[in-house]
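Report on the following structure.
No value in this document is a laboratory result; all are computed from the given coordinates. Keep in mind that this is a model prediction, so the values were computed, not measured. Counting neighbours? That spans all protein chains shown, and the Cβs are built from the backbone with ideal geometry, glycine included.
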């Protein structure tokens with residue numbers, strides 16, 4: 001079951017959902033609009049290796065915007081910091097963004113209960129497109145959780161994305177054993 005606007009507001013009032021900054025006009029019928037933060041990043045190497053730490057370079061989106069290029073992966077970040085303790089947050093791209101040919105995540109649209117951070121975006125595009133810091137980029141949708149939570153993400157010892165950062169975070173696949 002997807003939470004409605006009133007249930008999202010109840011979750012915020014109870015401290016089960018945190019959105020910073022919270023802007024009431026960004027709350028939709030059953031979602032909350034999030035915005036592109038000012039930082040983007042790209043991997044330094046052309047060839048990435050799942051078994052090693054692939055380093056990224058950060059850059060700030062200038063006031064005049066930044067032109068994304070097809071065939072390139074950009075890591076972005078939401079302007080909003082979020083915490084979710086009794087629902088499963090899903091991040092989806094806004095249809096207006098999709099109609100510009102921009103994808104905001106390759107596979108990581110679902111957050112875990114207990115996720116407390118900014119959202120790293122896996123941005124790609126089908127043709128060159130200029131983006132701006134602060135533009136609406138996606139929407140958070142919250143799904144009700146059935147049952148008690150035993151293992152909140154922010155309490156997991158081996159969670160790879162618990163360090164709070166307002167910059168995009170690179171893949172931590174290399175920390176897995178395979």
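Of the residues making up segment 120-141, those that are touching a residue at least 60 places away in the same chain (Cβ under 8 Å), surrounded by 14 or more Cβ atoms within 10 Å (Cβ to Cβ) and over 19 Å from residue 95 (Cβ atoms) number 1. Selection over segment 135-160 of residues that are in a loop (DSSP other than H, G, I, E, B) and more than 24 Å from residue 171 (Cα to Cα) gives a count of 7. Return a yes/no flag: does segment 144-158 have any residue that is surrounded by 13 or more Cβ atoms within 10 Å (Cβ to Cβ) and within 14 Å of the chain's Cα centre (by Cα). No, every residue in segment 144-158 fails to be surrounded by 13 or more Cβ atoms within 10 Å (Cβ to Cβ) and within 14 Å of the chain's Cα centre (by Cα).
Can you work out which of the residues in segment 36-59 that are free of Cβ contacts under 8 Å to residues at least 40 places away in the same chain and in a strand (DSSP E or B) is surrounded by the fewest Cβ atoms within 10 Å (Cβ to Cβ)? Per the criteria, the residue is 57. Here is a check on your reading of the model: is residue 108 in contact (Cβ under 8 Å) with a residue 60 or more places away in the chain, part of a loop (DSSP other than H, G, I, E, B) and surrounded by 14 or more Cβ atoms within 10 Å (Cβ to Cβ)? Against the criterion (in contact (Cβ under 8 Å) with a residue 60 or more places away in the chain, part of a loop (DSSP other than H, G, I, E, B) and surrounded by 14 or more Cβ atoms within 10 Å (Cβ to Cβ)), residue 108 does not qualify.
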